[in-house]
Structure formats: C-alpha cells, structure tokens
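What follows is calculated from the coordinates using simple rules that are stated; it is not laboratory data. Keep in mind it's a predicted model, so treat the numbers as computed, not measured. Here the Cβ is made from the backbone with ideal geometry for all residues, glycine too, and neighbour counts use every protein chain on show.
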Amino acid sequence: MERGAADSYAARMRKATHRARTTLRRSGVDYFRGDGSDWIALAGLLLTVPAIAWGTILMPVWCAPAALVLPIVAGGLLLRPASLLSLYAAAALALIVESLVLGPYTEGPARVTPGTVLVVAACGFFGLLIAQFRARVGVPWRRGGTMLFDLRERIRVQSALPRLPQGWHREMALRPAGGQSFSGDFVVAARTSGGRTLEVVLTDVSGKGMDAASRALLLSGAFGGLLGSLLPHGFLPAANAYLLRQDWDEGFATSVHLVLDLDSGDYELLSAGHLPALQLHAGTGRWEEKAAEGPLLGVYEGAQFDPVKGTLRPGDVLMLFTDGLVEANDRDIAEGIDRLTGEADRYVATGFEGAAWHLIEAVAKDVNDDRALLLIRRDS
C-alpha cells in the first residue's frame with residue numbers, strides 16, 4: 001500500500017509539473033505574440049516612476065522632473081490603453097510629490113514648472129493614441145515589426161523563380177516605390193506539365209508602394225494557388241473573376257502570363273492590359289514587341305484574353321516588365337521602351353548576367369513607382 005501510494009504521489013507530481021511547464025510556455029508565447037497580459041512591463045515601468053522621482057528629489061539638476069516622460073513613452077509602446085492609465089496616475093502622483101518636496105518653481109531652477117507638466121501630459125496623450133491605435137488594428141507591439149518582416153519575406157519567396165534546366169538563364173529584379181520594402185508589383189511562377197513548362201505571371205496592382213502592398217500580398221497568394229491548377233488559358237479569366245469578387249474601390253490590375261515550353265522554346269503570352277513583352281532575336285540583334293490582347297483584370301466580367309505566340313531560339317531573350325520602367329510624365333511609353341532596349345543591348349555580350357538589377361538602375365533609378373523586370377534567355 002505504501003509503495004502504491006508513493007507511486008501515485010509521484011505520478012501526480014509529474015502531471016502537475018508538466019501542467020505548470022506547459023502553462024508557463026504558453027504564457028511566454030502569448031506574451032511574445034501580444035496575446036498575454038502586459039503586467040510584467042507595467043510592473044517594471046511602475047517601479048521606474050518612483051526611482052526617477054527619488055533621483056529628481058536628490059539631484060534635480062542631473063535628473064530633471066521632465067525625465068518622467070521616459071517611462072511614459074515606453075508605456076505607449078509596451079502597454080495596453082487600460083494599463084497606461086495606471087502608469088499615468090503614478091507619473092502624476094510623482095510630479096505632485098516632486099513639486100511639494102522641491103518647492104514652488106519660482107524659487108529656483110530644477111523645479112516642477114508648468115512646462116514640465118505640459119511636456120509629460122503631451123507625451124502621455126500621444127502614447128495613449130498609439131496604444132489605442134494598436135489595440136484597434138490588433139497589431140501588438142511585440143509582433144508588429146515581426147509581422148511586417150514576415151509579409152515582406154512571403155512576397156519575396158512567392159516571387160522567387162524556379163530553377164530552370166541547363167540551357168536556360170532567368171533573373172528578376174523588383175524595386176518598390178520610394179525605397180520601401182513592399183511593392184505593388186509581384187511575380188508568381190511554377191514549373192508545370194511535369195517540369196517541362198514554365199509558367200510565369202507578372203502583375204502590376206493599381207497604386208504603388210504600401211498602398212498597393214496589401215492587395216499585392218493577397219493577390220500573389222491567390223494567383224500562386226491558381227497557377228498550375230488551371231489550364232493556361234483559364235488562368236487570367238479566373239484571376240479576373242477573383243478580383244471582381246473582392247469589390248475593391250481601386251481593385252484593377254494589369255498582368256501578363258507567360259507559358260514557355262522548356263524543351264522546344266515555344267511560348268504563349270496572355271495579357272490583361274499589360275505592356276507588351278520584348279523579344280531579342282539573336283540572329284538579327286533586333287528587339288520585337290510581343291503584344292497580346294486583353295482588358296485589365298477586375299474591370300468587367302466575361303473578359304477574354306487572346307494569346308500571342310512565339311519561339312525562343314538559342315541566344316534569344318524575352319523581357320517582361322512593368323510600366324514603372326518605361327512610363328514617365330515627360331515622355332511616352334514608346335520612348336521609354338526604346339531607352340530600355342538601348343540599355344539592354346549593352347548586356348548582349350555578357351549573356352545578360354546580372355542585367356535585371358542594372359537595367360532598373362539605369363533607366364528608372366529615381367522613379368517614384370514600383371518597378372519589376374524579368375529576363376529569360378535561352379543559351380546559345
């Protein structure tokens with residue numbers, strides 16, 4: 001009996017220890033994600049308030065009364081609005097104590113002046129606004145930056161081009177407007193038909209920079225799911241129907257869909273209001289515009305998209321791009337395309353290695369618009 005009781009007691013202790021460890025781990029994860037209580041941060045900041053007040057009373061010249069803005073600013077970043085009120089109450093009490101101990105501000109420097117009160121109150125007001133905004137949008141401070149980083153990385157990963165078989169070279173460059181990390185231009189690509197076919201979709205969402213980034217992220221995920229799941233001629237109609245269902249105020253987009261046979265070099269281009277592609281014929285050294293017919297995505301139902309066909313022979317290059325590279329207020333698109341092809345001719349001898357990034361740098365470095373460029377070359 002004694003041994004059985006001892007085993008039962010040990011089993012209960014193991015279960016209790018396991019539950020405590022699980023609860024502690026879950027609480028830590030929730031706190032990092034912003035779902036848990038903020039009492040740890042609140043307790044720490046509440047302790048700094050009397051420490052600052054004590055320093056002000058002992059050394060008012062070195063620790064000014066306005067130093068109370070430090071925990072208030074930190075609280076605006078770390079705490080929820082309800083917890084902030086407790087911190088503000090502690091800061092107000094500290095100001096009252098400091099003014100009583102140090103005496104009226106008219107008797108000398110390093111006193112609690114009306115300006116000190118206004119500065120502390122203003123910082124508290126803006127901190128409360130920031131905390132209320134975070135609470136309203138549901139973006140906790142501990143995950144806000146991480147979430148934006150994750151979104152940027154998801155767009156980057158979804159825009160990665162698949163590896164091509166020997167004899168093919170591909171590269172791509174994306175440059176958001178204003179030097180931001182998010183772009184309204186994106187690429188989705190996949191190898192289909194057992195790896196024989198390369199399908200690439202380059203899309204330019206209406207707007208630019210952060211304004212278009214959220215829509216671009218949603219569309220890149222949806223387009224990535226559609227690509228390869230439908231026959232090539234069914235992709236743009238399905239993408240058009242998807243945009244129409246979103247019912248966005250500014251919900252249109254241009255897109256070009258490349259379907260390339262990696263064995264023969266034959267390809268089809270289907271366009272939804274997008275700029276023409278450019279093909280460099282190695283035999284003649286001339287660039288040819290490949291323009292397919294089709295309306296913008298998200299404008300009207302039942303849109304049809306007519307393909308244009310071509311073939312990439314050894315040494316040929318196909319270039320897809322968005323309007324940020326060729327469109328400007330002081331010139332028309334034809335002049336921009338001529339400038340782009342003129343710069344691209346410089347990379348014929350080098351096989352276009354690293355050309356995508358340098359072409360954007362050369363023709364549209366300071367353009368306040370999203371820019372994307374895709375190059376596919378069939379080796380000689």
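Values computed for the structure shown
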item: Geometric extent, Cα atoms of region 286-349 - Rg, Dmax (angstrom); result: 14.8, 46
item: Contour minus Cα-Cα distance for Leu100 and Val73 (0.36 nm per residue); result: 7.3 nm
item: Shape call, region 231-337: gyration tensor on alpha carbons, a/c limit 1.5; result: oblate
item: Label-point gap, in nm, between Val348 and Glu288 - each point 7 angstrom along Cα→Cβ; result: 1.5
item: Kirkwood-based shape ratio for region 238-297, expressed as Rg/Rh from alpha carbons; result: 1.12
item: Highest average packing first - 265-278, 300-313, 336-349, Cβ atoms within 10 Å; result: 265-278, 336-349, 300-313
